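Read the structure below first, then the notes.
The values are calculated or read from the model by the stated rules, or taken from the named source; none is laboratory data. None of these values were measured; they are calculated from a predicted model. For neighbour counting, all protein chains shown are included, and Cβ atoms are generated from backbone atoms with ideal geometry for every residue, glycine included.
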Amino acid sequence: MKKLLMMAVMAAGTLLAQVSADVVGYWTTIDDDTNEAKSVVQVYKYKGKVYGRVVELLKNKNATAKIPGNPSTLGLDIIWDLEQDGDEYNGGKVLDPEKGSVYRCSMWREGDTLKMRGKLGIFFRTQTWKKNSTFKPTSTAAPTPKIPKVD
């Protein structure tokens, strides 16, 4: 009986560790300058890779990205091609829509926060995004990546 109980506890711990590392969901981004909620990003998986799409703008509702065509930031994929590497996701790209710059990136969970790190050479900047449990999507269809043209 003790062995069975011990196995159940170990299995629950393993499951909890896997759930805590999952980055899929809705995340509120925080403005670096004002520390206010800025947007909601849907992080999703597609064919084994992780992507992120802006699904709600909380501050500047008409924001456009400074990339060719100046598309609306709303609906724009700003994260693409991340691959899981243990508890982290690496090897992808992140677009800063306000600057039009693309950086290498990685992300990982820390409890109810998501750490998003953009990298340029040896320099990096890490943002902390907060889990958003109140956002209500208008569609339940699984997203298909739409990687922006940034050249």
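Structural remarks
- Segment 19-47 residues that are exposed (fewer than 13 other Cβ atoms within 10 Å of the Cβ), paired with ones that are modelled with pLDDT of 95 or more and among the aromatic types (Phe, Trp, Tyr) (beta carbon under 8 Å, 6 or more apart): Val24/Tyr44
- Test: residue in segment 87-110 that is free of Cβ contacts under 8 Å to residues at least 40 places away in the same chain, buried (at least 19 other Cβ atoms within 10 Å of the Cβ), within 13 Å of the chain's Cα centre (by Cα) and farther than 17 Å from Val150 by Cα: yes
- Among the conditions (1) in contact (Cβ under 8 Å) with a residue 60 or more places away in the chain; (2) over 15 Å from Trp27 (Cβ atoms), Ser72 misses just one, which is (1).
- Residue count for segment 68-97 under the criterion of being over 15 Å from Gly118 (Cα atoms), aliphatic (A, V, I, L, M) and assigned to a strand (DSSP E or B): the result is 0.
- Residues within segment 98-109 that are assigned to a strand (DSSP E or B) and not hydrophobic (A, V, I, L, M, F, W, C), tallied: 5
- Being touching a residue at least 60 places away in the same chain (Cβ under 8 Å), farther than 20 Å from Lys38 by Cβ and part of a loop (DSSP other than H, G, I, E, B) is a property that Pro137 lacks.
- Residue within segment 113-129 that is in a loop (DSSP other than H, G, I, E, B), within 12 Å of the chain's Cα centre (by Cα), among the polar types (S, T, N, Q) and surrounded by 12 or more Cβ atoms within 10 Å (Cβ to Cβ) present: no
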